[in-house]
Amino acid sequence: MAGVRLEHVYKKYPGSDKASVTDFNLDIQDKEFLVLVGPSGCGKSTTLRMIAGLEEISEGKLYIGDRVVNDVAPKDRDIAMVFQSYALYPHMNVYQNMAFGLKLRKFRKDEIDRRVREAARTLEIEHLLERKPKALSGGQRQRVALGRAIVREPQVFLMDEPLSNLDAKLRTQMRANISKLMKRLETTCIYVTHDQTEAMTMGDRIVVMKDGFIQQAATPDELYNHPVNLFVAGFIGAPAMNFITGQLTEEGGAVRFKATGFNVVVPAGKAQLLRDKGYIGREMIIGIRPEDLHEEPVFIEASPNSVISASIEVSENLGHEMFLYLNGLGKDNVIARVDGRSQLQEGQNIKLAVDMNKIHLFDKDTELNILEA
Amino acid sequence: MQQLMNAPVELDTMTKAQWIESGGAKLPEAGDQLQLNGRFLLVTKADNHQLQILRTQAELTQLEKELLGWLAKQGSMMKPGSASASELERQARRLGEWLQQSIDAGEWRAEIPERFELHHRLFDGMIPFLLMSEQAENREPSYGELEKVLRSYLSDDMLLIPLREREWLILGTDRLLAEVETNEGDMIERGETKEALVSLATGLHQMITEEWGGDCHVAVGEPIIPTESLAYAVATLRETVYLGRKFHVGMHVHMPWLVHLERLLSGIPEPVRSRFMDEMSGRQDLFTDPETVSTLDAFFAMDCNVSETAKRLFIHRNTLLYRLDKLKQEAGLDVRSFNDAILVRLLMLLYKVTKRK
């Protein structure tokens with residue numbers, strides 16, 4: 001087993017002025033499950049492909065364990081890959097598919113057999129070993145593709161959106177299966193996805209990327225609660241964080257955030273930080289997670305300085321929770337996540353209390369989270 | 001052999017059961033022989049259930065029979081082609097050079113001359129694959145290494161022919177098509193051939209990328225008799241990879257039957273293309289939105305069938321209809337109508353090319 005280290009790694013394609021990946025620095029620990037996440041074109045797959053050896057590294061160093069592998073061929077890097085398009089070998093049965101890589105590496109027959117059967121048992125596909133890929137369902141094929149990677153017992157697993165060809169139900173199921181499997185195998189895994197739910201549920205650590213740059217590398221909890229900038233704050237979380245542009249003012253010793261429909265008092269600790277950094281009187285962006293808007297009377301009574309009013313344009317009841325799309329707050333819709341048993345109706349005017357201890361404040365120009373900087 | 005024996009010689013097959021019934025050994029292998037109804041039968045190859053038989057009416061002495069048996073045994077132990085690796089490479093390179101010359105001279109229909117050593121291996125139905133390596137490594141991969149890997153993947157009777165730098169023609173037996181089927185012995189339907197070819201090519205791409213080294217492009221054609229149409233097949237596959245890389249960036253497996261429109265568009269003079277794009281000015285902005293592009297790609301892939309597209313995208317039918325209506329409102333093009341669908345398809349293809357300029 002081994003960790004992976006990227007030192008000042010760049011990827012620049014010939015003929016392009018801009019680097020696809022810029023100054024990528026990351027130390028991935030042995031046995032860590034790291035997720036690269038970001039919108040399409042952010043450089044996450046390119047980074048994975050550089051680690052795999054499928055793309056040349058334009059600048060910088062890549063280590064697998066203690067070895068620099070920039071010039072090592074993919075097959076000699078001791079990695080196993082699972083791609084989005086998990087093509088199986090169609091003329092071979094499941095057993096042969098899983099054994100192929102080992103056969104090529106001249107493993108002994110009994111060792112091949114042991115590894116294939118063990119992986120098949122782990123993935124619960126023992127009964128499929130004699131079947132050809134054509135006779136398998138999507139989920140079964142995906143498990144065979146995983147099996148093909150597992151039997152190699154590599155130092156590092158690389159997975160590029162391996163679940164995106166599956167339907168929603170199967171995806172959720174396989175997500176849990178892969179997480180469990182990786183914990184059991186205790187192998188370093190680098191996993192690429194554009195799906196933030198996948199990232200949050202699977203990763204020990206998540207790297208959020210945009211335009212070829214690392215925006216933030218942190219644990220799921222850290223990313224969710226302490227995003228370093230507007231992009232990370234908006235990317236992680238569904239429904240996304242609400243952003244409202246407004247002004248900070250100081251009245252009677254209290255720092256207030258004012259915008260259309262908003263006039264709330266910033267808690268003392270945060271207010272002092274804003275004063276110290278010279279933000280009073282300036283325009284800035286407040287970020288509020290949907291679950292930090294509360295319609296329960298007890299909250300409203302307890303937080304008289306952070307109560308706002310709005311009308312419900314649309315409500316979506318998912319049973320256990322309800323999303324309210326609110327009008328009259330800032331320029332865009334604001335979404336609140338409330339209890340599914342709330343008897344709220346579309347068109348109704350309601351009062352909500354903002355949990356001001358959980359707000360985020362972003363510099364309008366740099367888009368950095370002022371409270372985290 | 002007919003000349004040597006001065007009698008007709010036939011090649012035939014029979015099952016092991018038939019061989020045993022005729023008085024042959026219970027575990028037949030190459031070199032075994034028997035006399036049946038005045039004919040001499042010799043096993044030249046023994047597979048699981050099937051035997052390849054050489055049959056002749058010639059009257060042979062015991063010594064001649066033993067000699068033939070020994071030859072058959074030796075022959076069965078040799079790899080197809082019976083040449084050493086370096087000799088095979090030399091023969092393959094010679095053929096590759098001839099193919100290149102024929103294509104350069106525009107002689108796409110040229111038949112392979114008999115003077116080539118590999119000529120005798122090119123009479124059976126074979127599937128042509130074209131492999132273009134984009135390996136990050138600078139060194140040219142060795143013929144021997146690649147041939148070994150491909151033999152493991154396809155079968156021992158495959159042929160690897162080097163063409164240009166980092167470009168190879170791979171010929172696999174068309175029996176592979178039957179092996180894709182779920183059950184042994186199932187006959188492949190005509191309509192399923194292309195599906196099977198795609199899966200073989202996709203598997204080949206995956207195998208090369210994972211097991212041999214680095215990124216590559218693979219094109220696959222329908223089975224051919226190589227002696228008759230190999231130059232044509234290579235030229236077509238080469239063009240297919242070119243069009244695939246130009247119009248479908250990110251795709252690595254290409255099929256000639258899927259790039260007809262691309263071939264036509266590629267042949268249109270640049271000014272005509274520009275004029276079309278100018279006339280559609282503003283509409284191509286739609287294709288910067290990944291959701292619109294993936295929706296339209298799926299819609300066209302599913303033959304403009306709304307229900308099937310929604311299923312493929314894992315979205316509700318109404319969500320798809322909403323997206324298509326949005327496109328109609330913004331671009332004035334309704335992809336559910338035949339003429340607009342053509343325009344959008346053309347726009348999407350041309351946008352992919354012009355965008356990169």
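Is one or more of the residues making up segment B:18-25 part of a loop (DSSP other than H, G, I, E, B) and in contact with a Pro (Cβ under 9 Å, 6 or more places away or on another chain)? Please lay out each step first, then the result.
Our first condition is that a residue be part of a loop (DSSP other than H, G, I, E, B); within segment B:18-25, this holds for B:22-25.
Of the ones still in play, those that are also in contact with a Pro (Cβ under 9 Å, 6 or more places away or on another chain) are none.
Among the residues of segment B:18-25, not one is part of a loop (DSSP other than H, G, I, E, B) and in contact with a Pro (Cβ under 9 Å, 6 or more places away or on another chain), which makes the answer no.
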(message) Quick check on my filter: what residues within segment B:20-47 are polar (S, T, N, Q) and at positive phi?
(response) B:N37
(message) Which pairs turn up if I take residues in segment A:32-54 that are away from chain B (no Cβ under 14 Å) and over 12 Å from A:E161 (Cβ atoms) and look for partners that are hydrophobic (A, V, I, L, M, F, W, C) and part of a loop (DSSP other than H, G, I, E, B) with beta carbon separation below 9 Å, at least 6 apart in sequence or on another chain?
(response) A:G43/A:A19
(request) Mind listing just one residue for me: the one in segment A:55-87 that is away from chain B (no Cβ under 13 Å) and hydrophobic (A, V, I, L, M, F, W, C) and, of those, farthest from A:V144 (Cα to Cα)? (result) A:V68
(request) Give the residues of segment B:326-344 that are modelled with pLDDT under 90, in a helix (DSSP H, G or I) and either in contact with a Ser or Thr (Cβ under 6 Å, 6 or more places away or on another chain) or surrounded by fewer than 16 Cβ atoms within 10 Å (Cβ to Cβ) (or both), sorted by residue number. (result) B:K326, B:K328, B:Q329, B:E330
(message) Condition first: within 23 Å of A:L136 (Cα to Cα), modelled with pLDDT under 90 and of a type outside the set (A, V, I, L, M). Can you find one or more residues in segment A:183-196 that meet it?
(response) no
(request) Quick one: which residue in A:P154, A:P133, A:P162 is buried (at least 20 other Cβ atoms within 10 Å of the Cβ), touching a Ser or Thr at 6+ places or on another chain (Cβ under 9 Å), under 28 Å from B:L177 (Cα atoms) and more than 10 Å from chain B (Cβ to nearest Cβ)? (result) A:P162
(request) Can you confirm whether segment A:258-276 contains a residue that is touching an Asp or Glu at 6+ places or on another chain (Cβ under 8 Å) and of a type in the set (F, W, Y)? (result) no
(request) Pick out the one residue from A:G319, A:G278 that is within 23 Å of A:P227 (Cα to Cα) and without any contact (Cβ under 8 Å) to a residue 24 or more places away in the chain. (result) A:G278
(message) What's the total number of residues in segment B:159-179 that are of a type outside the set (G, A, S) and within 12 Å of chain A (Cβ to nearest Cβ)?
(response) 6
(message) Kindly evaluate B:L204 against the criterion of being within 13 Å of chain A (Cβ to nearest Cβ), surrounded by 22 or more Cβ atoms within 10 Å (Cβ to Cβ) and at pLDDT 90 or above.
(response) yes
(message) Tell me whether segment B:229-252 contains one or more residues that are out of contact with any Ser or Thr (no Cβ under 8 Å at 6 or more places or on another chain), of a type in the set (D, E, K, R), surrounded by fewer than 18 Cβ atoms within 10 Å (Cβ to Cβ) and farther than 24 Å from B:S102 by Cβ.
(response) no
(message) Return the pair list, or none, for Cβ contacts closer than 8 Å from residues in segment B:23-37 that are within 12 Å of B:K73 (Cβ to Cβ) and modelled with pLDDT under 85 to residues that are of a type in the set (S, T, Y) and part of a loop (DSSP other than H, G, I, E, B), at least 6 apart or on different chains.
(response) none
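Can you pull out the residues in segment A:281-324 that are of a type in the set (V, I, T) and surrounded by 14 or more Cβ atoms within 10 Å (Cβ to Cβ)?
Across segment A:281-324, the qualifying residues are A:I285, A:I286, A:I288, A:I300, A:V307, A:I308, A:I312.
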(message) I need every pair where a residue in segment A:67-81 that is assigned by TED's automatic domain parsing to the domain that holds A:L48 has its Cβ under 6 Å from the Cβ of a residue that is in a strand (DSSP E or B) and among the aromatic types (F, W, Y), sequence separation at least 6 or different chains.
(response) A:A80/A:F157
(request) Return yes or no: is A:G287 assigned to a loop (DSSP other than H, G, I, E, B) and in contact (Cβ under 8 Å) with a residue 12 or more places away in the chain? (result) no
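Of all residues in segment A:1-22, which are surrounded by fewer than 21 Cβ atoms within 10 Å (Cβ to Cβ) and within 19 Å of A:R205 (Cα to Cα)?
Within segment A:1-22, A:M1, A:A2, A:G3, A:R5, A:E7 qualify.
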(message) Just checking, does segment B:96-115 include any residue being within 14 Å of chain A (Cβ to nearest Cβ), of a type outside the set (A, V, I, L, M, F, W, C) and touching a residue at least 12 places away in the same chain (Cβ under 8 Å)?
(response) no
(message) For the condition of a type in the set (S, T, N, Q) and at pLDDT 85 or above, what is the one hit in B:S274, B:S307, B:S281?
(response) B:S307
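The values are calculated or read from the model by the stated rules, or taken from the named source; none is laboratory data. The model shown is predicted, which means the values in this text are computed figures rather than measured ones. Note that each Cβ is placed from the backbone with ideal geometry, even for glycine, and that neighbours are counted across all protein chains shown.
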